[in-house]
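The next block holds one structure in the form of structure tokens; read it before the comments.
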Amino acid sequence: MKQKFSDHHILLLAVLLYFPLIFFGYGSDYDSYNVLWTGQYFAQHFDYVPSRVPGFFAYETITFFIDSIGGSLLTNLSSMGMAVLVLYVFMRLCKIYQIPHYRILALIMMVQPYFWVNATCTMDYFFATGFIFLGILQVLRGKYFTAGIAFSLAVGSRLTVSLIAAVILIWFFFSQKENRLKILQTGLVGAFFGLMFYLPSADFAEWKMTFLSASVGGQEYWTTYLRLGRFGYKNIYFWSPLVFAIFTWAAVRLFSKKKELVSPDHGWLPIASIAVVLVMEAFYLYIPTEPSYLLPTIGFWLILAALAFENKPRVLYVMLALVLLSNFVNFNVARPNVVDKATSAVYGLWVEPGYMITDINARLDTIECGYQPCDW
């Protein structure tokens, strides 16, 4: 019987969901406007000033040219194109390594709130993630040099994805024994050109390593209690509490299915997925600020969930429904004393608008204030 719902239908659905939101300005994040300012300033004075440390030279440069041609519509459309690319490569990766229920996983990824929002605004998260997945695709195609270029553009768009690139290349190195020299070439090309993208930042910092130090506020925000609180709360609400509980259940089930993780059919991809999640979570424990930092891990979380619930696809459908719901409604159990600068919180239960609704409202306010954050 011919399948009624194909991979192409999933990609088309993504375009239909994302396209209406590209008309809501550049986005609600201050950093979107910092990126625009950096490009404009560099073009006028030929003097590079990072939008924020450590610098995002590849993305800032690309965005300047795209914005010059088509403004927010084209910059947002570019993010949407990267999101669709991530979905495409994710499905292809799952098919090659026989990950079950991959179309359900792609639907969950598509409507995950941070995925959906960042797919429709002018921010670096999807360029960094998109180039990582493009690098994966090129390795799968046997195009090792261009894979290295893609990885370098990912690193030049956002330095933290170098952690993911490293894990992926190590996975390819050990899982493709016959191509190890070519994988090594990919890594060297990615590292060399990725490093080149940070020379302007180093020059701006007068060749001091201070540009690699993130600005995360004073020490009063980073006691052990507050760090762990931010880390736990933002991880849970990145997915929503009920979905996070399902992932916890999945972890328990995976522990009892160790053989599945090293099955030759899956080509060590589950092990690579665990490594990506652990590496990025370790980084996020160091700087638990923006939940969108976790965006590149979504597909790898879902791969592990699919293996855990291989014989229980209904759980994945429940997860899909809950993830979709979290775009529109949020059941919050803690409110900070100061938004984004919390030193304490009030605990209770509040029914609030979901992340996508909140973001759309913020973007509308930004448009009303002349395409800039209102409190500027």
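The values are calculated or read from the model by the stated rules, or taken from the named source; none is laboratory data. Just so we're clear, the structure is a prediction, and the values are computed from it rather than from any experiment. Here the Cβ positions follow ideal geometry from the backbone for every residue, glycine too, while neighbour counts run over all protein chains shown. Just so you know, the surface numbers come from the protein's heavy atoms only, side chains and all, with ligands and any DNA or RNA stripped out. Shrake-Rupley method; radii C 1.70, N 1.55, O 1.52, S 1.80 Å.
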- [ ] Considering only Ile170, Ile183, Ile96, give the residue with the highest GNM mean-square fluctuation for the chain, with springs between Cα atoms whenever their separation is below 10 Å.
- [x] Ile96
TODO: Using only Cα positions of the chain, each an equal point scatterer, no hydration layer, compute I(q)/I(0) via Debye at q = 0.06, 0.07, 0.12 Å⁻¹ and quote the log10 values to two decimals.
DONE: -0.22, -0.31, -0.97
TODO: Could you estimate the translational diffusion coefficient of the range 1-150 from the Stokes-Einstein equation, with Rh from the Kirkwood formula over C-alpha pairs, at 10 °C and 1.306 mPa s, in whole µm²/s?
DONE: 96 µm²/s
Open item on the list: Rounded to the nearest angstrom and ordered from largest down, what semi-axes does the equivalent ellipsoid of the range 1-43 get from its C-alpha gyration tensor (root of 5λ)?
Closed with: 37, 11, 7
- [ ] Convert each backbone phi in the range 46-62 into a coupling constant with the Karplus relation 6.51 cos²θ - 1.76 cosθ + 1.60 (shift: θ = phi - 60°), then list the ³J(HN,Hα) values in order as whole Hz, x for Gly and Pro.
- [x] 6, 9, 7, 10, x, 5, 5, 5, x, x, 9, 4, 4, 5, 4, 5, 4
Task: Estimated [θ] at 222 nm from DSSP helical runs (n ≥ 4, -39500 (n - 2.57)) normalised by residues in the chain, nearest 500 - done: -21000 deg cm²/dmol
- [ ] Return the carbon/sulfur percentage of the accessible area of the range 162-267, one whole number, probe 1.4 Å, all protein chains in place.
- [x] 70 percent
- [ ] Report, to two decimal places, the Cα Rg of the range 63-143 normalised by 2.2 N^0.38 Å (N = number of residues).
- [x] 1.17
Task: Rounded accessible area per residue of the chain, 1.4 Å, Å² - done: 47 Å²
TODO: For the range 7-43 and the range 108-171, write down the distance between their C-alpha centroids in whole Å.
DONE: 16 Å
Open item on the list: Counting pairwise Cα distances across the range 184-270, what percent come out greater than 21 angstrom?
Closed with: 67 percent
Open item on the list: Taking every pair of distinct Cα atoms and averaging 1/r, then inverting, what Kirkwood hydrodynamic radius in Å comes out for the range 222-275?
Closed with: 13.1 Å
Task: Relative contact order for the range 1-89, counting Cα pairs under 8 Å that sit 6 or more residues apart, in percent - done: 35 percent
Open item on the list: Run the lone-cysteine check on the chain: no other Cys C-beta under 4.7 Å from the residue's C-beta.
Closed with: Cys94, Cys121
Open item on the list: Give me a comma-separated list of calculated 3J(HN,Hα) values for the range 187-192, in order, Karplus coefficients 6.51, -1.76, 1.60 applied at θ = phi - 60°, integers in Hz, x for any Gly or Pro.
Closed with: x, 5, 5, x, 5, 5
Open item on the list: For the range 71-230, compute the orientation-averaged projected area of the C-alpha convex hull (one quarter of its surface), in nm².
Closed with: 12.3 nm²
Open item on the list: I'd like the carbon and sulfur percentage of the solvent accessible area for the range 54-106, probe radius 1.4 Å, heavy atoms only, ligands and nucleic acids excluded.
Closed with: 71 percent
- [ ] Please work out, to two decimal places, the log10 of the ratio I(q)/I(0) at q = 0.11, 0.12, 0.16, 0.20 Å⁻¹ from a Debye calculation in which every Cα of the range 223-350 carries one identical scatterer.
- [x] -0.44, -0.52, -0.88, -1.23
Open item on the list: Please list, in order along the range 245-254, the HN-Hα scalar couplings obtained from phi with the Karplus expression 6.51 cos²θ - 1.76 cosθ + 1.60 (θ = phi - 60°), rounded to whole Hz, x for Gly and Pro.
Closed with: 5, 5, 5, 5, 4, 4, 4, 5, 5, 5
Task: From the C-alpha gyration tensor of the range 196-245, square roots of 5λ in Å - done: 34, 16, 6
Open item on the list: Over the Cα atoms of the range 1-84, what radius of gyration and what Dmax do you get, in Å?
Closed with: 16.5, 63
